[in-house]
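Encoded as structure tokens, the structure appears first; notes follow it.
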Amino acid sequence: MDLAVQLAGLDLEHPVLNGSGTFDVIAARRAFGDALLAEFPFSMFVSKTITPEPRAGNPPPRLIETPAGMINSIGLPNKGLEGFLAADLPVLGELPVPLCVSVMGTSHGEFERLVEGVAGRDEVVALELNISCPNVESGLIVGEQAPETLSLLQALRPITQKPLIVKLTPNVADPASIARAAEEGGADAVSLINTLKATAIDTRTLGPWHGAGRGGLSGPAIHHVALEQVRAVAGAVSVPVIGMGGIESGADALSFLAAGAAAVAVGTANFRDPLAGSRIRAELETALAEAGVGSISDLPARTAPSTST
Ligand code: RRO
């Protein structure tokens, strides 16, 4: 079956991407060698989020497994913009699929610097704006406020014609209102969900498990929350939606497509099996055939969006 999709003007071989920060492609390349490139699990690679300056990330412990999921508190360790451009981009640019670079700033100025630094590079076909960070000027978390989201997009949209994909947080009452603000500001696509705020307690110390005190829950535990948010957002905007949250199988991926997503991203499953994306893509083909769907273009994201929220 032809699984090709068009996403924000990009032609992708199939609809399975990775969630930002869930697949260390440089380590995977070391482990799997060129076999990884010959059968790359994703149709576009989304980088770990980068910030303007280098960051060490949060103190350990950073991860805990939970029933059907995990809570991470990684804290954005990265080399910073200059380090990323010098050390990581040349390696990511050799991948056999288009590259989307994920960025996060704490002010319009920081975001502008990141978008200017990344968007001009030929290796980069799209940018993901991770808006889960507090704005240092207003103190508000950008992605939790529609006006903040709109004004950020209005500042960034003139800088590049490359697709801007806004990564939405699930930690709001009405994600569709944030998605609409992103669309109004000129976003080309939205992706959701990021992790749900979560806490684990270390019952030996009675304090928080994570070094940073709390984290974000991902994995199958959040799958149906994500599906509901994707359904609501896909019904509220005309731009394509990338759905993610606990995808473990082709049937899970198909559920997101049926809920209105144009593409899906595999996240937590990559930690257990770096080739999960390839398996899920193969299973998606079978699941589509079993559902009697002859072509991916027959799915809801390609028809008029519904107005229900
Ligand atoms: O690095 C992290 O701790 C992190 C990020 Br930037 C994010 O967007 N979502 C998440 O669950 N963890």
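Here are a few things to note about the model shown:
- Cross-chain or 6+ apart pairs with Cβ under 6 Å, the range 91-109 first and over 22 Å from Gln161 (Cα atoms), then among the basic types (Lys, Arg) and crowded, with 17+ Cβ neighbours inside 10 Å: none
- Qualifying positions in the range 122-149 - at pLDDT 95 or above, among the hydroxyl-bearing types (Ser, Thr, Tyr) and within 14 Å of the chain's Cα centre (by Cα): none
- Test for Val166: is it within 16 Å of the ligand (Cβ to nearest atom) and either buried (at least 22 other Cβ atoms within 10 Å of the Cβ) or under 28 Å from Gly117 (Cβ atoms) (or both): yes
- Among the residues of the range 182-220, those identified as hydrophobic (A, V, I, L, M, F, W, C) and out of contact with any Asp or Glu (no Cβ under 8 Å at 6 or more places or on another chain) are Ala182, Ala187, Ala189, Leu192, Ile193, Leu196, Ala198, Ala200, Ile201, Leu206, Ala212, Leu217.
- Residue list for the range 177-195, restricted to those being crowded, with 19+ Cβ neighbours inside 10 Å, more than 14 Å from the ligand (Cβ to nearest atom) and not β-branched (Val, Ile, Thr): Ala179, Arg180, Ala181, Ala182, Glu183, Gly185, Ala187, Asp188, Ala189
- Taken residue by residue, the range 57-79 has no member that is surrounded by fewer than 16 Cβ atoms within 10 Å (Cβ to Cβ) and either farther than 24 Å from Thr199 by Cα or touching an Asp or Glu at 6+ places or on another chain (Cβ under 8 Å) (or both).
- Residue list for the range 235-255, filter: surrounded by fewer than 20 Cβ atoms within 10 Å (Cβ to Cβ), without any contact (Cβ under 8 Å) to a residue 60 or more places away in the chain and of a type in the set (S, T, N, Q): Ser249
The values are calculated or read from the model by the stated rules, or taken from the named source; none is laboratory data. Computed from a predicted structure; not experimentally measured. All Cβ positions, even for glycine, are placed from backbone atoms using ideal geometry, and neighbour counts span all protein chains on display.
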